[in-house]
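Visitor: This is the structure, below, for whatever I ask next.
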Amino acid sequence: QVQLVESGGGLVQPGGSLRLSCAASGTILAAYSIAWYRQDSGNYHERVARIDSGGRRDYADSVKGRFTISRDDAKNTVYLQMNNLKPEDTAVYYCNRVHTPQYAWGRGTQVTVSS
């Protein structure tokens, strides 16, 4: 059974930084396109960053230049480095496969950007 565990969120002031981690068991993240998603008050998961099996990355326009997705294959973990955070980045952040079938969603990690 695949389990995704997100961590690293917290409360940060505007302009601050956080690094999120997505650790997986039961699968090899490097074999798939993996993305970070975020969900604010609604049910929609907005995709903010993606890394494919070849290491290519892309980002939502709203985070381009501020967020960086990376992967540590030895640790089977995907990271999201978030810099210059803005209040509109406040959300619960999740990781998952890009393509269906997606894995069961983890609990996510809350990021709150506020002064």
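The values are calculated or read from the model by the stated rules, or taken from the named source; none is laboratory data. Bear in mind that the values here come from a model prediction, so they are computed numbers and not experimental data. Note that we place each Cβ from the backbone using ideal geometry, even for glycine, and neighbour counts take in every protein chain shown. Note: areas computed on protein heavy atoms with side chains; ligands, DNA, RNA excluded. Shrake-Rupley method; radii C 1.70, N 1.55, O 1.52, S 1.80 Å.
Visitor: How long is the range 33-74 along each principal axis, judged by its Cα atoms, biggest number first, in Å?
Guide: 34, 21, 13
Visitor: Just reorder Ser17, Ser115 by solvent-accessible area, largest first, 1.4 Å probe, all chains present.
Guide: Descending order: Ser115, Ser17.
Visitor: Let me ask you something else. Please identify, among Leu29, Leu85, Leu11, the residue showing maximal mean-square fluctuation in a Gaussian network model of the chain using a 10 angstrom Cα cutoff.
Guide: Leu11
Visitor: Then there's this: For Asp52, Asp58, what's the largest-to-smallest order of accessible area, 1.4 Å probe?
Guide: In descending accessible area the options line up as Asp58, Asp52.
Visitor: Go from 0 up to the bin containing the longest alpha carbon distance in the range 48-98, width 10 Å each, and give me the % of pairs per bin.
Guide: Taking all Cα pairs of the range 48-98, the binned fractions are 22, 58, 19, 1 percent.
Visitor: I need the phi-derived Karplus couplings for the range 2-10: 6.51 cos²θ - 1.76 cosθ + 1.60, θ = phi - 60°, integer Hz, Gly and Pro marked x.
Guide: 7, 10, 10, 10, 9, 8, x, x, x
Visitor: On the accessible surface of the chain, probed at 1.4 Å, how many percent belong to carbon and sulfur atoms?
Guide: 45 percent
Visitor: Next up: Could you work out which residue, out of Thr77, Thr100, Thr27, moves most in a Gaussian network model of the chain, that is, has the largest mean-square fluctuation with Cα springs under 10 Å?
Guide: Top of the fluctuation ranking is Thr100.
Visitor: Go through the range 58-69 residue by residue and turn each phi into a ³J(HN,Hα) via Karplus (6.51, -1.76, 1.60, θ = phi - 60°); whole Hz please, and just put x for glycine and proline.
Guide: Computed from phi, the couplings for the range 58-69 are 8, 9, 5, 4, 5, 10, 4, x, 10, 10, 9, 9 Hz.
Visitor: Of Ser53, Ser21, Ser70, which is the most mobile in a GNM of the chain whose springs link Cα atoms less than 10 angstrom apart?
Guide: Result for the chain, Cα springs under 10 Å: Ser53 fluctuates most.
Visitor: Taking chymotrypsin sites (Phe, Trp or Tyr not before Pro) as candidate sites, keep only those in a DSSP loop with at most 16 other Cβ atoms within 10 Å, then name the longest stretch of the chain containing none of them.
Guide: Excluding the exposed sites themselves, the longest stretch runs over 45-104.
Visitor: Okay, next question. What are the principal axis extents of the Cα atoms in the chain, in Å, biggest first?
Guide: Result for the chain: principal-axis Cα extents of 39, 25, 23 Å.
Visitor: While we're here: With a probe of 1.4 Å, find how much accessible area the chain has per residue, and write the answer as a whole number in Å².
Guide: For the chain, the per-residue accessible area is 53 Å².
Visitor: Could you tell me the relative contact order of the range 28-115? Use alpha-carbon pairs under 8 Å, at least six residues apart, and round to a whole percent.
Guide: Taking the mean separation of contacting Cα pairs over the length of the range 28-115, I get 29 percent.
Visitor: Exactly which trypsin sites (Lys or Arg not before Pro) in the range 49-114 are in a DSSP loop and have at most 12 other Cβ atoms within 10 Å?
Guide: Listed in order of number, the matching sites are Arg56, Lys64, Lys75, Arg107.
Visitor: Just how large is the dipole of the chain about the Cα centre, in debye to the nearest 20, putting +1 at every Lys and Arg Cβ and -1 at every Asp and Glu Cβ?
Guide: Roughly 160 debye for the chain.
Visitor: Going by amide H atoms built from the backbone, whose H comes under 5 Å of the H on Thr77, apart from near neighbours?
Guide: Asp72
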